[in-house]
Amino acid sequence: MYLFSEKTIHRLTKSQKEIVEQYTDDAKRFIRTIGLLNSWTQSEIDAVAEDALLRAARTYDPDKGNKFTTYLWWAIKNESLNALKRKKEGDKPQQTVSIDAPAQGLEGDDIALVDTLKDINALDPYEYIDYITIKQELEDKLNDREKEVLKNFLEGYTFAEIGKKLQITTGRISQIMDGIGLKLKEIQFAG
């Protein structure tokens, strides 16, 4: 006798179906033997037996030399503990919600859940304003040569590559970058 729905049965292989059919009564007996679920209804016990049988049937490997009942026993212990945990937590079913679904609890707002998620790449608005302000102030303080060196540096060029490109020494590039750093510190500490 199967506990499972037809949909579940169709997902099992032929050998898994045979094992499930053969061990359904044993699964229920094992559950009663454990004694963890004594106060549960028969339908709750059947649900745990079903989950355990499925787990055991999917993981059972006869080539390893173990009996199926060994797999079933461990699966029943695990599924019983999981069922007790779910029941203790109030048996709250998990609900799948679309990320594009309207946010619940906000009356009058047409906002999707996706709009409430934090963009980890986005700057904080206040940090962004500070960044823009500092960038503008720094651009105002830099001469054309410093702007060119900084632009190349921010594009990932090394001091040697920038020096070759601008036809100045690596030492001079280092001095220019030090000067840019000092001007940046002035701006940050002035504000």
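Bear in mind that the values in this text are calculations on the coordinates, not laboratory data. Treat the numbers as computed from the prediction; the structure is a model and nothing was measured. Note that each Cβ is placed from the backbone with ideal geometry, even for glycine, and that neighbours are counted across all protein chains shown.
Structure notes:
- Between region 32-88 and region 128-191, the alpha-carbon centres lie 66 Å apart.
- Counting only Cα atoms, region 125-190 measures 38, 20, 16 Å along its principal axes, largest extent leading.
- Hydrodynamic radius (Kirkwood) for region 6-88, which is based on Cα pairs only, to one decimal in Å: 12.9 Å
- DSSP-loop GluC sites (Glu not before Pro) across region 142-186, with at most 12 other Cβ within 10 angstrom: Glu155
- Under 12 Å, Cβ to Cβ, from Leu166 - net charge with Lys/Arg +1 and Asp/Glu -1: +2
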